[in-house]
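The values are calculated or read from the model by the stated rules, or taken from the named source; none is laboratory data. Note that this is a predicted model, so its numbers are computed, not measured. Glycine gets a Cβ as well: all are built from the backbone with ideal geometry, and neighbour counts include every protein chain shown.
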């Protein structure tokens with residue numbers, strides 16, 4: 001069985017960090033909560049039209065065709081700076097984040 005990287009709280013409790021690996025930009029509303037709470041500058045707000053490829057964007061209702069409001073979504077700018085605190089997931093109202101544990105070397 002694989003062992004994961006673990007940390008220790010000030011009180012001595014062990015915890016296993018879960019590092020951000022993906023953001024579902026189709027459900028992201030660009031609220032910026034994750035950006036504000038992240039202590040490591042892992043995220044960046046980007047233009048939604050550029051972030052989503054036309055092939056990957058499901059627009060069955062035609063909602064996106066006349067979108068002139070320059071909608072923004074969150075993007076992972078530097079995943080290597082993630083400390084695995086999962087604060088981003090805890091504040092995300094749309095559950096856009098995917099996290100994974102790191103296997104100890």
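Given (1) at pLDDT 95 or above; (2) surrounded by fewer than 17 Cβ atoms within 10 Å (Cβ to Cβ); (3) over 15 Å from residue 40 (Cβ atoms); (4) in contact with a helix residue (DSSP H, G or I) (Cβ under 8 Å, 6 or more places away or on another chain), where does residue 99 come up short, assuming only one miss?
Among (1) at pLDDT 95 or above; (2) surrounded by fewer than 17 Cβ atoms within 10 Å (Cβ to Cβ); (3) over 15 Å from residue 40 (Cβ atoms); (4) in contact with a helix residue (DSSP H, G or I) (Cβ under 8 Å, 6 or more places away or on another chain), the lone unmet condition for residue 99 is (3).
Suppose we filter the range 64-96 for residues that are under 16 Å from residue 51 (Cβ atoms) and either in a strand (DSSP E or B) or at pLDDT below 95 (or both); how many remain?
Total satisfying the criteria: 10.
So how many residues does the range 29-57 have that are under 20 Å from the mean Cα position of the chain (by Cα) and either under 15 Å from residue 92 (Cβ atoms) or modelled with pLDDT under 55 (or both)?
14
Which one of the conditions (1) surrounded by 12 or more Cβ atoms within 10 Å (Cβ to Cβ); (2) modelled with pLDDT of 95 or more; (3) farther than 14 Å from residue 101 by Cα does residue 13 fail to meet, given that it meets all the rest?
Answer for residue 13: the failing condition is (1).
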